[in-house]
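Colleague: Dumping the structure here so I can ask a few things about it.
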Amino acid sequence: MAYAFRSHEINIQRAPSTEPPRVINKTGDLVDTFKEYYEGFDREMVIAVVLDDVNRMLGIYEVSRGGVSESEVSSTNVFRPVILMGGSKVLLVHNHPSGDIRPSDGDLRMAKSLFMLASLLDLEMSDNIVLNAESGEYESIHAQPEFRRWLGEDLLKIATLMAGENLSDE
């Protein structure tokens, strides 16, 4: 019995540019760009910024578009383009149409999950930002006390377990 398989070819090319690559050294460097992009948008949308190892911007792409209060984010949609573009870092930006820049519980869960997955893929999840497009205000999920505590305590326990070390000696 013969089986036919359909194959696909992906071709990624870097287009020559007359402008030097934009360097992103801090989150605030991106706020004005995204403020314009999100302005007046009444749905939550997640955008990723791909950076190389010296913070040069390699690309920007839309990860997901959702409803008025949330957007479903697939880790595949976040990391596949980063890998295909040859990036080493990714920064996520999303809006809250309500204007409230406080990260939700869902935002924190997403940030933790993506941070761990990025580490496993040898990528850096540089930050995860919630933006109010009208005011230009933003909040870093990575700067939140709960994320910081998780990074310092829970992630260390996870890494210890993955390394096969015994936690009962604490």
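The values are calculated or read from the model by the stated rules, or taken from the named source; none is laboratory data. Just so it is clear, the structure is predicted and the values come from calculations on it, not from any experiment. All Cβ positions, glycine included, derive from the backbone under ideal geometry; neighbour counts span all protein chains shown. Ligands, DNA and RNA are stripped out before the accessible areas are found, and what is left, the full protein with its side chains, is counted by its heavy atoms. Shrake-Rupley method; radii C 1.70, N 1.55, O 1.52, S 1.80 Å.
Colleague: Select from the range 87-144 the residues that are among the acidic types (Asp, Glu) and either open to solvent by 30 Å² or more (accessible area, probe 1.4 Å) or within 20 Å of Asp42 (Cα to Cα) (or both) and list them in ascending order.
Modeller: Asp100, Asp105, Asp107, Asp122, Glu124, Glu134, Glu137, Glu139 - these are the residues of the range 87-144 that are among the acidic types (Asp, Glu) and either open to solvent by 30 Å² or more (accessible area, probe 1.4 Å) or within 20 Å of Asp42 (Cα to Cα) (or both).
Colleague: Could you list, in sequence order, all residues of the range 84-122 that are at pLDDT below 95, within 13 Å of the chain's Cα centre (by Cα) and farther than 27 Å from Glu39 by Cβ?
Modeller: Matches in the range 84-122: Arg109, Lys112, Ser113, Phe115, Met116, Leu117, Ala118, Ser119.
Colleague: Just checking: which of the strands (runs of 3 or more DSSP E) contained wholly in the range 71-170 hold 3 or more residues that are without any contact (Cβ under 8 Å) to a residue 60 or more places away in the chain?
Modeller: Filter on the range 71-170 gives 89-95, 124-131.
Colleague: OK, next. Please state which of the following conditions Phe79 fails to meet, knowing it meets all the rest: (1) more than 13 Å from the chain's Cα centre (by Cα); (2) surrounded by 17 or more Cβ atoms within 10 Å (Cβ to Cβ); (3) of a type in the set (Phe, Trp, Tyr).
Modeller: Here Phe79 meets the rest and fails (1).
Colleague: Of the residues in the range 16-54, how many are exposed (fewer than 13 other Cβ atoms within 10 Å of the Cβ) and not in a loop (DSSP other than H, G, I, E, B)?
Modeller: The total comes to 4.
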